[in-house]
Amino acid sequence: MDRYHEMIMFEALSERPSLASAARRLGVSGPTVVRAIARLEARLGVPLLKRSTRGVVLTESGAAFMADCSRILKEIDEVEACAKGLHVQAQGKLTVLLPLLFSRHVMTPLLADYMDEYPEVTVFAHYHDRFPNMNEEGLDVAVLVGHLPSSSLIARPVGHVRSIICGSPGYLATHGEPQVPEDLMQHRLVATQAYRESVQWDFQVQGEPSTIKARSRVSCATVQAAIDAAAHGAGLTRCLSYPVHDALKSGRLRRVLQPYELPALPVHVVYRERRKASMRVRSFVDYMIEGLREHPALQPDAH
């Protein structure tokens with residue numbers, strides 16, 4: 001058996017780490033899969049699987065090799081599709097990473113419209129607020145908020161967001177509007193982390209960094225919960241501007257201390273650099289860039 005087929009055998013474990021299910025998926029016998037994995041482990045000199053009474057799991061080396069196998073096999077499929085002329089229509093599996101709240105408040109309509117436009121593309125969306133290792137995780141595209149670490153990835157800017165302080169009009173009418181960051185010490189503050197007894201919020205005062213540490217009145221497990229609490233008059237909270245864009249526009253929340261906000265954070269559509277990106281990657285990147293650059297929540301200081 002050549003290396004290509006051994007990689008196919010191993011990659012069949014990606015959806016469900018079970019030798020029996022991998023064999024059924026490929027239409028081969030279980031011993032055939034076992035022998036293929038054994039040959040791979042012998043040639044590579046590292047264990048790829050850990051076997052137990054409950055099945056198998058990937059070792060650290062196995063997980064890294066799985067990501068490489070998936071990427072290589074996907075590229076082979078793309079090369080063959082181009083040779084057959086199938087590249088004119090976006091199709092196949094697309095794995096993307098999106099920030100959780102960003103997806104809820106900004107991306108969901110764009111994602112739904114993209115899927116209508118490209119019905120032959122199957123999208124696997126992962127939701128995490130972190131910077132991924134796209135090669136190791138087998139990601140095709142990511143939308144990332146914040147300054148990017150240096151890498152070989154292609155990053156296309158689509159807009160900016162800010163870290164802002166906001167509260168409900170009712171709360172501000174009762175307790176007054178803070179004029180400088182130090183005024184927050186006399187306000188009810190809503191923390192965006194569970195069991196946090198205090199908040200530590202950064203500002204910019206006359207171009208210099210400044211930090212306010214104050215006791216929180218309400219502590220929420222999620223950012224969305226803190227936003228909801230603030231909208232119902234519980235106090236002032238701090239969050240990125242995009243999840244509160246609609247609430248600010250409708251007047252349910254008001255932005256305060258705007259002159260002291262930190263510089264805006266960039267938003268990028270990021271994808272792995274290739275000599276020739278597949279049609280599905282290019283179609284998704286182009287569609288999201290166009291849609292996000294027009295989105296009102298990402299416009300310069302439009303909150």
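Scanning the range 57-72 for residues that are crowded, with 18+ Cβ neighbours inside 10 Å and more than 11 Å from GLU137 (Cβ to Cβ) returns LEU58, GLY62, PHE65, CYS69.
So, in the range 211-230, of the ones that are buried (at least 19 other Cβ atoms within 10 Å of the Cβ) and in contact with a Lys or Arg (Cβ under 7 Å, 6 or more places away or on another chain), which residue ends up nearest to PRO181 (Cα to Cα)? It comes out as SER216.
In this structure, does VAL106 turn out to be under 21 Å from ASP246 (Cα atoms), open to solvent by less than 30 Å² (accessible area, probe 1.4 Å) and over 11 Å from the mean Cα position of the chain (by Cα)? Spelling it out, VAL106 is indeed under 21 Å from ASP246 (Cα atoms), open to solvent by less than 30 Å² (accessible area, probe 1.4 Å) and over 11 Å from the mean Cα position of the chain (by Cα).
State whether one or more residues within the range 122-131 are in contact (Cβ under 8 Å) with a residue 24 or more places away in the chain and either assigned by the TED database to the domain that holds ARG254 or of a type in the set (Asp, Glu) (or both). Before the answer, list the steps.
We begin by selecting, within the range 122-131, every residue in contact (Cβ under 8 Å) with a residue 24 or more places away in the chain; these are 122-129.
Adding the requirement that they be either assigned by the TED database to the domain that holds ARG254 or of a type in the set (Asp, Glu) (or both) leaves 129.
Yes: one or more hits.
Pairs under 6 Å by beta carbon, first residue farther than 20 Å from LEU298 by Cα in the range 222-245, partner open to solvent by 40 Å² or more (accessible area, probe 1.4 Å) and not polar (S, T, N, Q), six or more apart or different chains? From residues that are farther than 20 Å from LEU298 by Cα, the pairs are ALA229/VAL218; ALA231/ARG252; GLY233/GLY170; ALA234/VAL218; GLY235/ARG188; GLY235/ARG217.
The residues in the range 23-45 that are under 35 Å from the mean Cα position of the chain (by Cα), without any contact (Cβ under 8 Å) to a residue 24 or more places away in the chain and open to solvent by less than 50 Å² (accessible area, probe 1.4 Å) can be counted, and the count is 2.
With respect to the conditions (1) modelled with pLDDT under 95; (2) small (Gly, Ala, Ser); (3) open to solvent by less than 30 Å² (accessible area, probe 1.4 Å), SER198 falls short on a single one, namely (3). Listed here are the strands (runs of 3 or more DSSP E) enclosed by the range 114-181 that have at least 1 residues being farther than 23 Å from SER283 by Cα, open to solvent by less than 10 Å² (accessible area, probe 1.4 Å) and at pLDDT 90 or above: 154-161, 163-167.
The values are calculated or read from the model by the stated rules, or taken from the named source; none is laboratory data. What you are looking at is a predicted structure, and each value in this text was computed from that prediction instead of being measured. Every residue, glycine as well, gets a Cβ built from its backbone with ideal geometry; the counts of neighbours run over all protein chains shown. For the accessible areas, the whole protein counts, side chains as well, though only heavy atoms, and no ligand, DNA or RNA atoms are used. Shrake-Rupley method; radii C 1.70, N 1.55, O 1.52, S 1.80 Å.
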